[in-house]
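Structure first, then comments.
The values are calculated or read from the model by the stated rules, or taken from the named source; none is laboratory data. Predicted model, so just to flag it, every value in this text is computed and none were measured. With ideal geometry, Cβ positions are generated from the backbone for all residues, glycine too; neighbour counts draw on all protein chains shown. Accessible surface areas use protein heavy atoms only, side chains included; no ligands, DNA or RNA. Shrake-Rupley method; radii C 1.70, N 1.55, O 1.52, S 1.80 Å.
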Amino acid sequence: MDAYQSIGIRRRLKRFFRRDGRALIFAMDHGFEHGPTDFEEHWEHVNPRIILRKVVRAGIDGVMMLPGLARMAGDEVKPNVGMMIKLTSKTNLRPKGDQLLQSQLGFVEDAVKLGADAIAATVYWGSPQEDAMMRQFAEIASYAHDLGFPVVQFAYPRGPYINEKYGRKEDYRVVMYGARAAVESGADMIKTYWTGSRETFAKVVDAAAGIPVLLSGGAKTDNPVDFLKLVWDVIEAGGAGAVVGRNIFQREDPEPFIKALLRVVHRNEDPEEAAKAEGLL
Ligand SMILES: O=C(COP(=O)(O)O)[C@@H](O)[C@H](O)[C@H](O)COP(=O)(O)O
């Protein structure tokens, strides 16, 4: 049984990672987690079919969605693109005191039926509701692993004590702690924050002890090259790639931008050269 499970996990991870061990994944849970206003800059991208068609055409390695969008538009995700379905979330509408908790909005069986290659869930390490999120992650991971599915943890340290102790959640010691907690709780892939420098991000990668660490994209940069440089730093630090939402769907023409990102992630191309090659400069 164990051998079957681990072969399943390894095979499915390969649907995201190329032979270089790196991946560029498109994130589209913002309509739920941030609200549809995130799409207002390029409103046509609120339609999952339109933006998914563009990212798949550009050569993205994987996509991440909540179950509802996968049900509606998952057939846009071609078989050579990994599909990650995230089973926890929260809206920005809930009261402030509950913002440090993600709730389960789908089940492992749903994700499997939708054709997922990996199952994702968030843990806000340091949250007053950390205990509930740990249990939720453990339940999801245990069942997904039983079925041979890899589990991705969005390891986001967030909580009042962090701010008191370290000042800011982006302090590398905090991000590194979250990544290590993700590993020790059974994650097969980790998505986390940038720490501000290659040297500190390399420590996060070390703490993950071989479990791939991907950058969580963040707000759109006005200059596309600035984001390419950030992803370049992640790769140089030993990161395994990036999970990117706004920097893709908030651009008018995401395709050349994705192609430039792929050059940086998979060909180690200099960000300016990659941008020039794709006509961004
Ligand atoms: O993790 C999320 C939210 O994080 P947040 O609470 O905004 O820090 C997701 O909604 C996104 O998938 C993730 O942030 C990646 O998308 P971008 O940050 O690149 O838009």
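Being small (Gly, Ala, Ser) and away from the ligand (no atom under 11 Å from the Cβ) is the filter; apply it to the stretch 21-72 and report the residue that is farthest from Glu255 (Cα to Cα).
Among residues in the stretch 21-72 that are small (Gly, Ala, Ser) and away from the ligand (no atom under 11 Å from the Cβ), the one farthest from Glu255 (Cα to Cα) is Gly68.
Could you please give the count of residues in the stretch 133-161 that are open to solvent by less than 50 Å² (accessible area, probe 1.4 Å) and away from the ligand (no atom under 14 Å from the Cβ)?
Of the residues in that region, 10 qualify.
Residues to consider are Lys220, Lys191; find the one that is within 14 Å of the ligand (Cβ to nearest atom) and part of a loop (DSSP other than H, G, I, E, B).
Lys220
Is it the case, given these coordinates, that Arg246 is under 15 Å from the mean Cα position of the chain (by Cα), surrounded by fewer than 22 Cβ atoms within 10 Å (Cβ to Cβ) and within 12 Å of the ligand (Cβ to nearest atom)?
Here the answer is yes, as Arg246 does meet what is asked.
Of (1) away from the ligand (no atom under 16 Å from the Cβ); (2) of a type outside the set (Gly, Ala, Ser); (3) open to solvent by 30 Å² or more (accessible area, probe 1.4 Å); (4) out of contact with any Gly (no Cβ under 7 Å at 6 or more places or on another chain), Tyr4 satisfies all except one. Which?
(4)
Kindly indicate whether any position in the stretch 176-189 is farther than 27 Å from Ala111 by Cβ and over 17 Å from the mean Cα position of the chain (by Cα).
Yes, the conditions are met somewhere in the stretch 176-189.
Given the conditions (1) outside any loop (DSSP other than H, G, I, E, B); (2) open to solvent by 50 Å² or more (accessible area, probe 1.4 Å), report the number of the one that Ala111 does not fulfil.
All conditions pass for Ala111, except number (2).
With (1) more than 9 Å from the ligand (Cβ to nearest atom); (2) in contact (Cβ under 8 Å) with a residue 40 or more places away in the chain; (3) in contact with a strand residue (DSSP E or B) (Cβ under 8 Å, 6 or more places away or on another chain) as the list, and Leu230 as the residue in question, which single condition is left unmet?
So the condition that Leu230 fails would be (2).
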